[in-house]
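Report on one structure; see the data block that follows.
The values are calculated or read from the model by the stated rules, or taken from the named source; none is laboratory data. The shown structure was predicted, so the numbers you read here are calculated from the model rather than taken from an experiment. Positions of Cβ are generated from backbone atoms using ideal geometry, with glycine treated the same way; all protein chains shown enter the neighbour counts.
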Amino acid sequence: MADSPVIRWPLVYERLHAHFGAQDWWPAQSPFEVMVGAILTQNTAWRNVELAIAALRAADALAVFAILHMAEGDLAQLLRPAGYFRVKAKRLRALCAFLVAQGVAEDPGQLGRGQDPAVLRQDLLRVHGVGEETADAILLYALDAPVLVVDAYTRRIGKRLGLLPEKASYGEIQSAIAAEIPVNLAVLNELHALLVQLGKEHCRPRPRCELCPLLSLCPHAYA
DNA sequence: ACCCAGGGTCATA
DNA sequence: TATGACCATGGG
């Protein structure tokens with residue numbers, strides 16, 4: 001407690017990886033399923049997303065044209081378990097329309113192939129329902145682009161460890177973390193997945209444990 | 001009966 | 001540019 005060593009991002013990564021092991025993200029069977037999951041998991045527990053994706057699969061609706069050919073109301077019903085189902089039905093359709101416009105409806109994993117990831121990111125951000133985190137999740141986990149995904153857990157954990165300022169934009173957080181870690185596909189993939197894993201288990205908005213058992217180098221982090 | 005979840009949009013100031 | 005309301009189900 002008295003002389004707690006300074007935790008930096010590389011140490012966070014090492015400790016989490018040592019404890020949880022490789023996360024092997026994203027939990028999906030195809031790039032398109034990653035994209036769908038990225039929309040559905042917005043402010044929603046992954047458990048509920050799984051139920052909705054299972055419903056889509058059971059309805060043979062886990063494909064671009066299948067979704068676009070369905071009535072939006074019917075799509076929404078399949079999405080009920082994921083919450084915000086009317087909103088997400090509209091967002092999924094917008095994403096699918098975008099994939100058609102980009103000519104990758106039959107093979108969404110080809111989106112942005114041979115294109116600058118920064119340019120593709122801008123295009124994704126214009127799609128209704130795709131914000132910065134969703135765009136980056138798609139870039140990283142569906143398209144293998146080396147970008148850093150910043151989510152609520154990243155901010156919360158980073159701030160409690162004193163690694164991020166209270167007020168920081170999405171881009172500022174990306175830069176702050178990227179300045180300390182190797183910016184490559186494998187590390188970026190693992191880091192976000194590990195932070196989510198830690199967040200799920202130990203990092204509620206209102207902290208309940210006084211000492212995080214995994215990041216015990218920082219006793220006050222979760223007080 | 002709360003609290004929370006792997007955000008984003010839109011109206012308003 | 002920065003808040004706040006709104007979207008909704010399922011688990012702890």
- Item | Residue count, region A:12-45 (criterion: more than 19 Å from A:Leu99 (Cα to Cα) and exposed (fewer than 14 other Cβ atoms within 10 Å of the Cβ)) | 8
- Within region A:140-150, residues surrounded by 18 or more Cβ atoms within 10 Å (Cβ to Cβ) and either out of contact with any helix residue (DSSP H, G or I) (no Cβ under 9 Å at 6 or more places or on another chain) or of a type outside the set (A, V, I, L, M) (or both) come out as A:Tyr141
- Message: I want to confirm something. Restricting to region A:46-59 and keeping residues that are loosely packed, with under 15 Cβ neighbours inside 10 Å and among the charged types (D, E, K, R), which single residue is nearest to the chain's Cα centre (by Cα)?
- Response: A:Arg47
- Failed item, numbered, when A:Leu92 is tested on (1) within 18 Å of the chain's Cα centre (by Cα); (2) within 11 Å of DNA strand B (Cβ to nearest atom): (2)
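When you scan region A:169-206, how many residues do you find that are in a helix (DSSP H, G or I) and either at pLDDT 95 or above or within 16 Å of DNA strand C (Cβ to nearest atom) (or both)? Even if it seems obvious, please write down each step before you answer.
To start, the set of residues in region A:169-206 that are in a helix (DSSP H, G or I) comprises A:170-178, A:185-202.
From the residues that got through so far, the ones that are either at pLDDT 95 or above or within 16 Å of DNA strand C (Cβ to nearest atom) (or both) too are A:170-178, A:185-197, A:199-202.
Of the residues in region A:169-206, 26 are in a helix (DSSP H, G or I) and either at pLDDT 95 or above or within 16 Å of DNA strand C (Cβ to nearest atom) (or both).
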- Taking region A:60-85, which residues are surrounded by 15 or more Cβ atoms within 10 Å (Cβ to Cβ), away from DNA strand C (no atom under 15 Å from the Cβ) and over 21 Å from A:Gly109 (Cβ atoms)? A:Met70
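Taking only region A:98-154 into account, find how many residues are β-branched (Val, Ile, Thr) and within 16 Å of DNA strand C (Cβ to nearest atom). Walk me through it before giving the result.
Applying the first criterion (β-branched (Val, Ile, Thr)) to region A:98-154 yields A:100, A:104, A:119, A:127, A:130, A:134, A:138, A:147, A:149-150, A:154.
Cutting the leftovers down to within 16 Å of DNA strand C (Cβ to nearest atom) gives us A:130, A:134, A:150.
So the answer is 3.
Within region A:23-96, considering only helices (runs of 4 or more DSSP H) that don't extend past its boundaries, which have at least 3 residues that are in contact (Cβ under 8 Å) with a residue 40 or more places away in the chain and touching a strand residue (DSSP E or B) at 6+ places or on another chain (Cβ under 9 Å)? Working first, answer last.
Working: elements: A:31-40, A:46-58, A:64-68, A:72-79.
By residue number, no helices (runs of 4 or more DSSP H) qualify.
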- Message: Against the definition (closer than 24 Å to A:Gln29 by Cβ, of a type in the set (Phe, Trp, Tyr), at pLDDT 95 or above and within 9 Å of DNA strand B (Cβ to nearest atom)), how does A:Tyr153 come out, yes or no?
- Response: no
- Evaluate region A:20-34: report whether one residue or more is among the β-branched types (Val, Ile, Thr) and modelled with pLDDT under 95. no
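Suppose we keep only residues that are of a type in the set (Val, Ile, Thr) and surrounded by fewer than 20 Cβ atoms within 10 Å (Cβ to Cβ) within region A:104-139. Which one would you say is farthest from DNA strand B (Cβ to nearest atom)? Spell out how you get there, then give the answer.
Keep residues of region A:104-139 that are of a type in the set (Val, Ile, Thr), which gives A:104, A:119, A:127, A:130, A:134, A:138.
Okay, now just the ones that are also surrounded by fewer than 20 Cβ atoms within 10 Å (Cβ to Cβ), so A:104, A:119.
On the way: A:Val104: 20, A:Val119: 18 Å.
Per the criteria, the residue is A:Val104.
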